[in-house]
């Protein structure tokens with residue numbers, strides 16, 4: 001996958017939104033709206049591109065920018081992986097899931 005787009009329509013639509021974590025952990029340059037957990041760790045231009053809610057023009061423009069800028073794609077890919085590896089590593093997520101089932 002070259003670019004991932006996930007654009008919920010408001011800030012409360014996603015409860016946790018694993019989709020953000022999974023896309024960044026896979027190193028996929030991403031375009032998001034800030035909904036659910038994205039508010040806690042997604043930073044525009046640092047680990048993803050952030051667009052306003054319900055703004056297809058901003059999504060399109062961001063797609064064009066990413067497709068034409070390999071340096072930006074690489075930067076977002078690297079930083080996205082780094083940001084989720086410590087906070088949402090597979091070991092941490094599995095451990096928390098096991099805790100839920102063992103409780």
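If you go through segment 75-89 and keep only what is closer than 19 Å to residue 22 by Cβ and free of Cβ contacts under 8 Å to residues at least 40 places away in the same chain, you end up with 79, 82, 86, 89. Restricting attention to segment 77-103 and to residues that are within 19 Å of residue 40 (Cβ to Cβ) and not in a helix (DSSP H, G or I), the residue that is farthest from the chain's Cα centre (by Cα) turns out to be 89.
Within segment 57-72, the set of residues being touching a residue at least 24 places away in the same chain (Cβ under 8 Å) and more than 23 Å from residue 35 (Cβ to Cβ) comprises 67 only. Between 46, 54, the distinction of being assigned to a loop (DSSP other than H, G, I, E, B), in contact (Cβ under 8 Å) with a residue 12 or more places away in the chain, touching a helix residue (DSSP H, G or I) at 6+ places or on another chain (Cβ under 6 Å) and surrounded by fewer than 19 Cβ atoms within 10 Å (Cβ to Cβ) belongs to 46 only.
Scanning segment 7-25 for residues that are touching a strand residue (DSSP E or B) at 6+ places or on another chain (Cβ under 9 Å), touching a residue at least 40 places away in the same chain (Cβ under 8 Å) and part of a loop (DSSP other than H, G, I, E, B) yields a count of 2.
Only residues that are assigned to a loop (DSSP other than H, G, I, E, B) and closer than 14 Å to residue 81 by Cα were counted across segment 26-43, and they come to 6.
Quick check on residue 34: is it touching a residue at least 12 places away in the same chain (Cβ under 8 Å), buried (at least 21 other Cβ atoms within 10 Å of the Cβ) and within 14 Å of residue 78 (Cβ to Cβ)? For residue 34, the condition - touching a residue at least 12 places away in the same chain (Cβ under 8 Å), buried (at least 21 other Cβ atoms within 10 Å of the Cβ) and within 14 Å of residue 78 (Cβ to Cβ) - is not met. Residue 66 fulfils the conditions (1) surrounded by 13 or more Cβ atoms within 10 Å (Cβ to Cβ); (2) in contact with a helix residue (DSSP H, G or I) (Cβ under 6 Å, 6 or more places away or on another chain); (3) not in a helix (DSSP H, G or I) except for a single criterion, (3).
Every read-out reported here was derived from the displayed coordinates using simple, explicitly stated rules and does not represent laboratory data. Because the structure is a prediction, the values reported are computed rather than measured. Glycine gets a Cβ as well: all are built from the backbone with ideal geometry, and neighbour counts include every protein chain shown.
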